[in-house]
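Below is one structure; the comments refer to it alone.
Each value in this text was obtained by applying a stated rule to the coordinates, not by laboratory testing. The shown structure was predicted, so the numbers you read here are calculated from the model rather than taken from an experiment. Heads up, the Cβs are rebuilt from the backbone with ideal geometry, glycines too, and the neighbour counts pull from every protein chain shown.
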Ligand code: MLC
Ligand code: AMP
């Protein structure tokens, strides 16, 4: 194989007229059609001067063309950097600068700042709009439908995915061809995917879950996907009889349970429901099983590691656990202070090692050294235990992180914005329970002496700099923040105090 990821996931389907994407309007994109478009786009990248190893940043809507751009990058040896469509210009600028992207593909209808950012950086920019139009597809259309695949090795980078950090500065996780390929092939096998499968795809394609788990597993099996542009509960319910597998964040499942038409008849053609990216409540698992007869299969992963563990396909799927280590993946629990490996039943930090674990953080050797040990174990920042039967339980986090509807939100990033506002002395951002999203964001503010901060003005500043899903649902002003003897803010005290500040919906 000259390009392991391309050859196995994409090239293996060359010439096949079987469906890859089933679109909402009933039309179908075949494997051959998809690969032809990907090859045309690879020519556009090469004509644009992109060399193997160069980064291409894409902030585009979920379309077949956006997915073909991923295929094009892999085939041309270009490192794919997908970006959340909710990111603001400020956020986008950081990612483009930090990654040194050589080409930026963006939606001309929603983002106007890219050409000037690209100019400043000496990068090229192309447009790809939500209807598939744009300069990228215009140029691609006149290109040959085959492209000489660029040689890559397993260790070469395939993707750069940004994940926020506790310092408020996002880090680019470097994922190699081998990281992505090994995980896709393992999961397709573990979850018994075949070419007959039809995956109901309602996740975004700029994160690990929708791109590398859902899409790569489908490709590894030569299966097809019902490719929805976004999550839409009624459509999900309406299309379920045509599907065999659903992958979603826990919010998908709580919302499905709230839908009056969702019952066992509707789910009778389905063979598998997978949940991940955030904790699935045992109660949701139980209600789902009662309603449909299906036990949701929960798995555990991260941007840096792809998937680490999964409940078994054939064995016991245990609610409240994330299952067993995947083949080839080692999971251990270590003491936070001594770093010694702990026995079954003891709670500590979760560390993982395997072919799935990333190569480090882009241009951040100190951060890489702090989280990725020399022996290959990655310190996940999650806390948990392994029980007597080998199942992993996630019991908390040793990192200040909020997960809202499957999106990670690092409080520090929001605190930095709040702290910079007039009248604000300091702030603490916390996650409180939310029925629909699992957790949601609250900003707790301490005013400068004698000042009354203007909360509307503060929210305007937040909106200008941070993606919508990170916005606090409420701001509250308190006289001071609770601190421990080390002067560290006790967020657990704040979480307890404000846990009911957001009404249950
Ligand atoms: C949308 N909004 C959110 C939100 N999603 N706010 C907080 N948290 C979220 N997750 C906001 C919007 O900005 C909007 O704000 C309002 O809620 C309604 O927007 P919407 O677009 O109608 O929301 P909806 O489509 O219902 O989205 C909810 C969702 C979506 C759960 C379907 O968030 C989603 O697709 N989440 C999946 C995220 C994901 O893929 N995570 C995987 C990461 S990879 P307003 O103000 O306009 O009302 C990873 C590794 C692993 O973690 O293990 O998988
Ligand atoms: P991300 O950085 O977006 O990839 O998110 C990774 C984090 O999501 C992990 O470190 C966990 O904290 C969390 N996560 C992923 N899957 C699960 C799960 N099944 N249960 C609990 N937490 C999860």
**Item:** Exposure proxy order (Cβ contacts within 10 Å, fewest to most) of 294, 259, 47
**Value:** 47, 259, 294
**Prompt:** Using mean Cβ contacts within 10 Å as the protection proxy, how do 198-207, 278-287, 316-325 order, highest first?
**Reply:** 198-207, 316-325, 278-287
**Message:** Please arrange 142, 493 by how many other C-beta atoms lie within 10 Å of their C-beta, fewest to most.
**Reply:** 142, 493
**Prompt:** If segment 401-497 were replaced by its equivalent ellipsoid, with semi-axes equal to the square roots of 5 times the Cα gyration tensor eigenvalues, what would those be, largest first, whole Å?
**Reply:** 20, 18, 11
**Item:** Rg/Rg_globular for segment 328-386, with Rg_globular taken as 2.2 N^0.38 Å and Rg from C-alpha atoms
**Value:** 1.13
**Request:** First obtain the Kirkwood hydrodynamic radius of the chain from its Cα pairs, then insert it into the Stokes-Einstein equation at 37 °C and 0.692 mPa s, and state the resulting D in µm² per second as a whole number.
**Result:** 139 µm²/s
**Item:** By average C-beta atoms within 10 angstrom, highest first, the peptides 437-447, 35-45
**Value:** 35-45, 437-447
**Asked** Counting alpha carbon pairs within less than 8 Å and at least 6 residues apart, what relative contact order, in whole percent, applies to the chain?
**Response** 11 percent
**Asked** Expressed as a rounded percentage, what relative contact order does segment 328-386 have, with Cα pairs under 8 Å and six or more residues apart?
**Response** 39 percent
**Asked** Among 436, 258, what is the fewest-to-most ranking by other Cβ atoms within 10 Å?
**Response** 258, 436
**Prompt:** What is the distance in Å between the Cα centres of segment 195-271 and segment 414-488?
**Reply:** 35 Å
**Message:** From Cα pairs below 8 angstrom and at least 6 apart in sequence, can you work out the relative contact order of segment 31-178, rounded to a whole percent?
**Reply:** 28 percent
**Message:** Ranking request for peptides 419-432, 347-360: highest mean number of other beta-carbon atoms within 10 Å first, then the rest in descending order.
**Reply:** 347-360, 419-432
